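The values are calculated or read from the model by the stated rules, or taken from the named source; none is laboratory data. For clarity, every value in this text was computed on a predicted model and none was experimentally measured. For neighbour counting, all protein chains shown are included, and Cβ atoms are generated from backbone atoms with ideal geometry for every residue, glycine included. Heavy atoms of the whole protein, side chains included, go into the accessibility calculation; ligands, DNA and RNA do not. Shrake-Rupley method; radii C 1.70, N 1.55, O 1.52, S 1.80 Å.
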Amino acid sequence: MKTEPGAWNILIRNSIKTIDELSKEIDLTDEEKIDAKNLPLRITSYYLDLINKYPVLRKAVVPTLNEFKVSDDESVDPLAEDLYKMTPCIIHKYPNRVLFTVTNICGTYCRYCTRSRMVGDNLNFTKSQWDEGFKYISEHPEIVDVLISGGDPLTLSDSNLDYILSNLKKIPHVSIIRIGTKVPVVLPQRITNDLIDVLKRYQPVYINIHFTHEVELTDECKNACKKLLSAGAILGSQTVLLKGINNDAEVLKNLFYELLKIGCKPYYIYQMDRIAGGSHFRCDLDEMIEIMKKLISYNTGMAIPEFIIDTEIGKIPLRLDYVVRNENGKYTLTNFEKNKSIEY
Ligand SMILES: *Cc1c(COP(=O)(O)O)cnc(C)c1O
């Protein structure tokens, strides 16, 4: 689709797109001097500044040779989304809700992307493919909830976003509209007053923002979130558990509390999908469970996202069991301290 000119649009256009450009900005290690093939390279200059300041983020967006190591249990479509693709833009996996992929472009490409098979600048959807999506949803009254994703929907122009939101709003059985995005983190300049004016017309829009680490919460990012709240958006976060970046209970605890402080409720934290070439990011489930236990024990539920393992059969929540025993309806329950229990 055609995008309108705007300062943020220039920022996207001027982002780093090749390893040559990147090597002029940062000193690449031998391991990083690769021509990423599976997934395109793009880093906004804003996020590049951030990784220079906080090297912990580097691995998330700078490709490494590890991407070429594919293990047996990995695939290019680990969630079997192509099986549930009903139109070019619609993935209908859960009965009452759909994923509407409206663009293949992101502000910055994460090296652990679960849709690496379909993102990139040369693959974008057309307006008639969006229209096919609206038609599919209107013909399926069981769909009450539409999750607009991609790619990153907030890389679309305001008028294209308005077109999508207004067409969804027209469908009587669609009562919940959500947007999944990382733009407030990688390109906060995109959250303009004009965008806020568009979003205001569709309250409440649930916006789930992809956060990785508390250092992403810069003044610019916080300000972008504040503006989204002023549009009546309800903010949630989604995080991927990433080895060497955020696989630490203390790091995650800080992230989730910082998010709460700016009005963003931690929604999901994902085990990294079994995407091809992603093993260097993936933690063992043992480790995920240990992190979850540490987080759940002492923190308010407000600061705890659901721990999710996403698979070809759908999302599977990982939960702690507080039921010790159930004998003929008589329950033994434990609490966060685990050495205490109670009969119920
Ligand atoms: C994650 C996902 C959803 C939304 O799931 P929720 O648990 O409701 O947030 C919808 N469709 C697909 C295909 C998904 O992967």
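Evaluate the stretch 55-78: report whether one residue or more is outside any strand (DSSP E or B), touching a Lys or Arg at 6+ places or on another chain (Cβ under 8 Å), on the phi < 0 side of the Ramachandran plot and within 15 Å of the ligand (Cβ to nearest atom). Yes, some residue in the stretch 55-78 is outside any strand (DSSP E or B), touching a Lys or Arg at 6+ places or on another chain (Cβ under 8 Å), on the phi < 0 side of the Ramachandran plot and within 15 Å of the ligand (Cβ to nearest atom).
Total residues in the stretch 38-51 satisfying the condition of being surrounded by fewer than 16 Cβ atoms within 10 Å (Cβ to Cβ) and in contact with an Asp or Glu (Cβ under 8 Å, 6 or more places away or on another chain): the figure is 0.
Name the residues in the stretch 325-337 that are within 20 Å of Asn299 (Cα to Cα) and either of a type in the set (Ser, Thr, Tyr) or open to solvent by 100 Å² or more (accessible area, probe 1.4 Å) (or both), would you? Result: Thr334, single match.
Results for (1) open to solvent by less than 30 Å² (accessible area, probe 1.4 Å); (2) at negative phi; (3) within 16 Å of the ligand (Cβ to nearest atom), shown as yes or no for each residue.
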{"site": "Lys200", "(1), (2), (3)": "no, yes, no"}
{"site": "Ile209", "(1), (2), (3)": "yes, yes, yes"}
{"site": "Glu220", "(1), (2), (3)": "no, yes, no"}
{"site": "Tyr257", "(1), (2), (3)": "no, yes, no"}
{"site": "Phe281", "(1), (2), (3)": "yes, yes, no"}
{"site": "Ile289", "(1), (2), (3)": "no, yes, no"}
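For the stretch 182-204, residues that are touching a residue at least 60 places away in the same chain (Cβ under 8 Å) and farther than 14 Å from Leu154 by Cα total 0. Note on the stretch 95-129: among residues that are within 13 Å of the ligand (Cβ to nearest atom) and more than 16 Å from the chain's Cα centre (by Cα), the one that is surrounded by the fewest Cβ atoms within 10 Å (Cβ to Cβ) is Pro95.
Select, from Pro184, Pro141, Pro172, the only residue that is of a type outside the set (Ser, Thr, Tyr), touching a His at 6+ places or on another chain (Cβ under 6 Å) and modelled with pLDDT of 95 or more. Don't jump to the end; show me each part of the working.
Details: Pro184 fails: touching a His at 6+ places or on another chain (Cβ under 6 Å); Pro172 fails: touching a His at 6+ places or on another chain (Cβ under 6 Å).
After ruling out the rest, the residue left standing is Pro141.
Can you spot a residue in the stretch 225-235 that is without any contact (Cβ under 8 Å) to a residue 12 or more places away in the chain, over 17 Å from the mean Cα position of the chain (by Cα), open to solvent by 30 Å² or more (accessible area, probe 1.4 Å) and more than 16 Å from the ligand (Cβ to nearest atom)? Full working, then the answer.
Filtering the stretch 225-235 for residues without any contact (Cβ under 8 Å) to a residue 12 or more places away in the chain gives none.
Among the residues of the stretch 225-235, not one is without any contact (Cβ under 8 Å) to a residue 12 or more places away in the chain, over 17 Å from the mean Cα position of the chain (by Cα), open to solvent by 30 Å² or more (accessible area, probe 1.4 Å) and more than 16 Å from the ligand (Cβ to nearest atom), which makes the answer no.
What are the residues in the stretch 80-94 that are assigned to a loop (DSSP other than H, G, I, E, B) and either in contact with a strand residue (DSSP E or B) (Cβ under 7 Å, 6 or more places away or on another chain) or more than 10 Å from the ligand (Cβ to nearest atom) (or both), if any? Hits for the stretch 80-94 are Pro88, Cys89. Evaluation of Asp49 against the conditions (1) away from the ligand (no atom under 16 Å from the Cβ); (2) within 30 Å of Val174 (Cβ to Cβ) shows that the sole unmet condition is (2).
From the residues in the stretch 121-173 that are in a strand (DSSP E or B) and of a type outside the set (Asp, Glu), which one is farthest from Gln189 (Cα to Cα)?
Start the filter on the stretch 121-173 by keeping residues that are in a strand (DSSP E or B), which leaves 145-149.
Checking the rest, the ones that are also of a type outside the set (Asp, Glu) come to 146-149.
Values: Val146: 26, Leu147: 23, Ile148: 20, Ser149: 19 Å.
Ranking the candidates gives Val146 first.
Scan Ile275, Ile269 and give me the residue that is within 14 Å of the ligand (Cβ to nearest atom), in contact with a Ser or Thr (Cβ under 6 Å, 6 or more places away or on another chain) and either modelled with pLDDT of 95 or more or aromatic (Phe, Trp, Tyr) (or both).
Working: Ile275 fails: either modelled with pLDDT of 95 or more or aromatic (Phe, Trp, Tyr) (or both).
The match here is Ile269.
Taken over the stretch 276-296, the criterion of being without any contact (Cβ under 8 Å) to a residue 40 or more places away in the chain and of a type in the set (A, V, I, L, M, F, W, C) is satisfied by Leu285, Ile289, Met292. When only residues in the stretch 112-159 that are of a type in the set (Phe, Trp, Tyr) and out of contact with any Pro (no Cβ under 7 Å at 6 or more places or on another chain) count, which is nearest to Val62 (Cα to Cα)? The qualifying residue nearest to Val62 (Cα to Cα) is Tyr112. Among residues of the stretch 297-324 that are more than 21 Å from Phe256 (Cα to Cα) and open to solvent by less than 30 Å² (accessible area, probe 1.4 Å), those with a Cβ under 8 angstrom from a residue that is within 11 Å of the ligand (Cβ to nearest atom) and of a type in the set (Ser, Thr, Tyr), sequence gap 6+ or separate chain, pair up as Gly314/Tyr94.
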